[in-house]
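**Q** Pasting a structure below so you can have a look.
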Amino acid sequence: MSPLAVEQARVTDWPAYIGWTVGLLILIGLAYWLMRQGWNWRRTLQSDLPPLPAVPADPGTAVLAAGGRYHGTTTAGNWLDRVVAHDLGTRSLVELTLTEQGLLARRPGDTDLWIPAAALTGARRDSGIAGKVVPSGLLVVTWDHQGTALDSGFRADHPDEHAAWVEAVEALVTRTKTKKTEEAAP
């Protein structure tokens, strides 16, 4: 490094340097605090969402299983309206298992998610969900939680498996609807 560059890089006004550094750190801290307040405010607004279904002791035999990431849940049809109540807004690793009884998302270090087969309404491949955009890279499962339609987004370790998941979930939805119709008929 040249002597001129060393001379220009030397701090000569320490009070101003320290003042700007402290000011920047306070600004960053304020931004994080405001983001946290926003998250808590959203959780409060969604506090009327009923508790999630409990994971059954025996969820059934696996039809499909995959590892990957859980990217969050939004209100159905509104991919930016993240649901944070009941830890549904927390991204995490996931082990997905589809059985005849429903969809189990085991989330190590977080609350597991159980979606009963009767609550499933569909599945699709999509490009985004709140906080994650990947062209044709997400598996989005649509389900009904006591009158509230929700979309949950997953990304398998091998995204080429998403098509098989969509087929399997749609087949399960069809079988469940057929079963309900048959049980309702006299």
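**Q** Considering (1) of a type in the set (Phe, Trp, Tyr); (2) touching a residue at least 60 places away in the same chain (Cβ under 8 Å); (3) not assigned by TED's automatic domain parsing to the domain that holds ASP151, say which one TRP39 fails and leave the rest.
**A** Every condition holds for TRP39 apart from (2).
**Q** Would you mind telling me which numbered condition in (1) closer than 20 Å to ALA65 by Cβ; (2) of a type outside the set (Ser, Thr, Tyr); (3) loosely packed, with under 15 Cβ neighbours inside 10 Å LEU138 fails?
**A** (3)
**Q** Just the residues that are of a type in the set (S, T, N, Q) and at pLDDT 90 or above, please, taken from segment 71-108.
**A** THR73, THR74, THR75, SER92, THR97, THR99, GLN101
**Q** While we're looking at this one, here's another question. Residues ASP151, ASP144, ASP126: which one is at negative phi and surrounded by fewer than 16 Cβ atoms within 10 Å (Cβ to Cβ)?
**A** Numbers: ASP151 fails: surrounded by fewer than 16 Cβ atoms within 10 Å (Cβ to Cβ); ASP126 fails: surrounded by fewer than 16 Cβ atoms within 10 Å (Cβ to Cβ).
Sole residue among the options that is at negative phi and surrounded by fewer than 16 Cβ atoms within 10 Å (Cβ to Cβ): ASP144.
**Q** Continuing with this model, one more query. Kindly list the number of the only condition in (1) surrounded by fewer than 18 Cβ atoms within 10 Å (Cβ to Cβ); (2) in contact with a helix residue (DSSP H, G or I) (Cβ under 7 Å, 6 or more places away or on another chain) that fails for ALA171.
**A** Failing condition for ALA171: (2).
**Q** Could you tell me whether any residue of segment 61-77 is without any contact (Cβ under 8 Å) to a residue 24 or more places away in the chain and under 14 Å from the mean Cα position of the chain (by Cα)?
**A** In the first step, residues of segment 61-77 are kept if they are without any contact (Cβ under 8 Å) to a residue 24 or more places away in the chain; the result is none.
Looking for residues that are without any contact (Cβ under 8 Å) to a residue 24 or more places away in the chain and under 14 Å from the mean Cα position of the chain (by Cα), one finds none in segment 61-77, hence no.
**Q** Next question. Which residue is surrounded by the fewest Cβ atoms within 10 Å (Cβ to Cβ), if the candidates are limited to segment 36-67 and must be in a loop (DSSP other than H, G, I, E, B) and among the aliphatic types (A, V, I, L, M)? Give the derivation first.
**A** Here is the first cut: in segment 36-67, the ones in a loop (DSSP other than H, G, I, E, B) are 46-61.
Right, trim to among the aliphatic types (A, V, I, L, M) and you get 49, 52, 54-55, 57.
On the way: LEU49: 17, LEU52: 17, ALA54: 8, VAL55: 14, ALA57: 5.
Taking the candidates together, the pick is ALA57.
**Q** Which pairs have Cβ atoms under 6 Å, sit 6 or more apart or on different chains, and link a residue in segment 159-184 that is assigned by TED's automatic domain parsing to the domain that holds GLY67 to one that is part of a helix (DSSP H, G or I)?
**A** LEU172/ALA117; THR176/ALA117; THR176/ALA118
The values are calculated or read from the model by the stated rules, or taken from the named source; none is laboratory data. Every value quoted in this text rests on a predicted model; they were computed, and no experiment measured them. All Cβ positions, glycine included, derive from the backbone under ideal geometry; neighbour counts span all protein chains shown.
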